[in-house]
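All of the numbers you see were taken from the coordinates with simple rules; none came from a lab. Predicted model only: the values in this text are computed from it and were never measured. Neighbour counts are summed over all protein chains in view; Cβ atoms, including those assigned to glycine, are modelled from backbone coordinates with ideal geometry.
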Amino acid sequence: MLVHWIWFAQLQEISLMQKHRLLERFADPQELLCLNRETLQDIGIQNIDLGEAEQIQRRCAKKNIGILPITDPAYPSKLRNTPDAPIILYYKGILPDWNAVPFIGVVGTRKASAYGLQVAHQMGSQIARCGGMVVSGGASGADTASMQGALDAGCPVIGVLGCGVDVVYPRHNRKLFETVTRVGCLISEYAPGEQGIPWHFPARNRIISGVSNGILVVEAPKKSGALITANHALEQGRDVFVVPGNIDTLTCEGSNGLLQDGAIPVLSGWDVLREYEFLYPGKLSKNGKGPLYDGEKALQKVAQIPVVPQKNEEETDTLQKKYIDNRGNSTYIELEKTHPALNQEEQAVLNQLTRQPQEPAELMAKLDMPSGKVLSALTMLTVKGLVYKHPGGRVSLK
């Protein structure tokens with residue numbers, strides 16, 4: 001029953017990885033509740049009250065919100081095959097056929113330049129017109145521009161939120177989200193009513209890449225959620241595409257860095273989709289299936305756009321002061337005075353890190369913390385630019 005899946009997904013006492021291991025033994029969470037209390041406690045489960053889950057199920061029914069357990073055939077198959085797939089997805093709108101066309105996650109900075117906004121809109125439109133499905137996070141800046149580009153081309157989009165699908169965040173995207181739910185859908189692992197809190201958004205990014213064939217980074221600084229999404233994509237075996245940016249613009253440093261690391265450079269939406277033409281014969285078209293979005297022809301050429309913020313000596317000095325000067329295998333303890341305060345979990349995790357890459361499992365063995373909190377702390381430390389994720393999931397001080 002759905003209520004048991006909701007209860008299982010909402011459990012805070014065990015980590016997501018533990019939940020996946022339990023699902024290898026028990027086909028349905030309802031089977032867990034047939035175990036005696038002592039066995040459940042040995043597993044780590046204390047809460048067997050279905051009250052909250054029943055309330056969530058009623059709320060979903062009242063607001064016309066769908067519920068997809070990971071075993072549901074309509075659950076995105078590409079996401080299901082990732083190691084940290086959500087136990088449940090909530091959705092509002094029209095579910096797509098997740099395997100019919102290429103799904104392309106389009107991401108970028110919230111503080112996009114005029115060029116970045118133009119390109120994000122253009123890429124969203126072109127990908128949609130050429131037969132792909134745009135997926136994005138609904139954040140301000142590049143996310144919003146890419147989603148609007150696809151909608152302006154008359155095509156559906158998928159929005160992946162870091163809050164409940166009934167919560168509008170950011171607030172100025174209310175009309176955008178209403179349009180998305182009419183022609184596409186919003187999805188989230190968070191129950192209706194849950195607000196967008198900081199650590200939800202890095203976790204949300206793994207879903208964007210998980211449902212997608214590839215990720216397109218439009219414009220991203222060195223410390224950006226878009227780079228977190230790109231890292232998730234690489235770990236999940238997805239392709240990473242990047243629109244080249246101005247080498248003297250701070251908001252392009254991270255995305256240009258991805259190009260240096262081997263990401264695929266693209267100049268149009270078709271440059272992305274042609275990588276999947278052989279997988280979806282007859283579904284994709286270079287010339288597109290409809291007119292350019294309204295106003296595309298009227299957009300200014302890059303040379304006509306007002307100059308975007310450039311690096312200057314004062315900015316460079318400020319940025320350099322924030323970097324870690326840490327040699328060898330010294331730990332974070334020596335660096336506490338050079339960075340903003342961290343919460344207790346983040347500092348405990350960072351104290352165990354050195355410049356030598358190590359597996360998250362090694363950290364879990366050293367720390368007296370639930371594995372879910374260790375992984376959450378690592379995600380936030382990565383976003384804050386203090387931790388680097390290596391291929392294969394290993395982590396180290398940055």
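Ranking 127, 6 by Cβ neighbours within 10 Å, fewest first, what do you get?
6, 127
Based on the Cβ-Cβ distance from residue 368 to residue 62, what FRET efficiency comes out when R0 is 51 Å, to the nearest 0.05?
According to the calculation, E is roughly 0.75.
For the pair residue 280 and residue 183, how long in nm is the line joining their label points, each one 7 Å along Cα→Cβ?
1.6 nm
So in the range 103-304, what percent of DSSP beta bridges are antiparallel if you round to the nearest 5?
Given both bridge residues lie in the range 103-304, the antiparallel proportion sits at roughly 0 percent.
Over the alpha-carbon set of the range 1-62, divide Rg by the Kirkwood Rh and report the Rg/Rh ratio to two decimals.
0.96
Taking θ = phi - 60°, what integer Hz values does the Karplus form 6.51 cos²θ - 1.76 cosθ + 1.60 yield along the range 4-17, in sequence order, with x for Gly and Pro?
Once rounded to whole Hz, the list reads 6, 5, 5, 4, 5, 5, 7, 4, 9, 7, 10, 7, 4, 5.
With a ≥ b ≥ c the root eigenvalues of the C-alpha gyration tensor of the range 103-304, is it rounded (a/c under 1.5), prolate (a/b larger than b/c) or oblate?
Cα axes put the range 103-304 in the rounded bin.
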